[in-house]
Amino acid sequence: MHLTRTARIVLGCLTAAGLALIYLPLLLVLLNSVNADPSFAWPPRALTGEWWSRALHSAGARDALWTSLRAGLGATAVALLLGSLAAFAVHRHRFFGRQTVSFLIVLPIALPGIVTGIALNAAFRTVLAPLGIGFGLFTVVVGHATFCVVIVFNNVAARLRRTAPSLAEASADLGARPWQTLRYVTFPVLRPALFAGALLAFALSFDEVVVTTFTAGAGTKTLPIWIYENLARPHQAPVVDVLAALLIALSVIPVYAAQRLSSDTAGGRL
């Protein structure tokens, strides 16, 4: 489609405005994390690393960060296992209700977070409470895994659709056992998709707020929850900006890496 010069200029301006709307607030957070004025006067009169030092020495922030890391790693591990198995079952086997199973696996990512949170909260109270299992890190991991599974499932399923089943059949014809085929043929082909899915799942879990609110106990605070609770406290505002900047970095890195892996895989370089 050929666009006139005026149309290209208008589309370019609209694109620039949209990107500015998205990324200028993030840049403001990064600048405020080193703004020497605790009231965030603008423009900054001086820059400082004091707030970063305070954040590093904040016991509550460190505990929340450690909780978020454990929850993210746990949810990612569960998602890798269940998402991979589900992708293999749906895309390598034919059985009654296969499309329904695929739909049910993908559905949680489309549901509003508050709906998922309320449903999980009720389920945990009904099922786990009689067993003596209260709300805590375990329930957070289970809650996050419900939507992280979808990320891994979609990545692995997309890779399986581009992989010919004849590869595994040829391996079997050459005398390889099933585990050898999995190790030397299937896993190398799926490795980029698994890694990209794990990175995206971890990023999604790490900054999750809504589902965490309904599945975490009173003593379990992830980093986003800690930031939300301290956002309105004036003396904590600079530390909150530092942690928000840290969240930006920890979210951008895995998403960028996953995007590069996905593009490399699609281009046939991996």
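The values are calculated or read from the model by the stated rules, or taken from the named source; none is laboratory data. From a predicted model like this one, the values you see are computed outputs, not experimental measurements. Cβ coordinates were reconstructed from backbone atoms using ideal geometry, including for glycine residues, and neighbour counts include every protein chain displayed. Note: accessible area is taken over every heavy atom of the protein model, side chains too, but ligands, DNA and RNA are not part of it. Shrake-Rupley method; radii C 1.70, N 1.55, O 1.52, S 1.80 Å.
Figures for the structure shown
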quantity	calculated
DSSP H segments from the chain that extend 20 Å or more along their own axis, Cα-based, with Kyte-Doolittle mean of -1.0 or above	5-32, 59-92, 113-127, 137-161, 187-206, 237-266
Interchain or long-range residues, amide H under 5 Å from Val34's placed H	none
Percent carbon-and-sulfur accessible area, the range 70-265, ignoring ligands, DNA and RNA, probe 1.4 Å	70 percent
Fully extended contour minus Cα-Cα distance, from Arg125 to Arg94, at 0.36 nm per residue	7.5 nm
Extension gain, Leu231 back to Leu174 (0.36 nm per residue minus Cα-Cα distance, nm)	14.3 nm
Burial ranking of peptide ranges 109-116, 74-81 (average Cβ count within 10 Å, highest at the top)	74-81, 109-116
Ranked packing of 170-181, 85-96, 5-16, 200-211, most packed first, by mean Cβ within 10 Å	200-211, 85-96, 170-181, 5-16
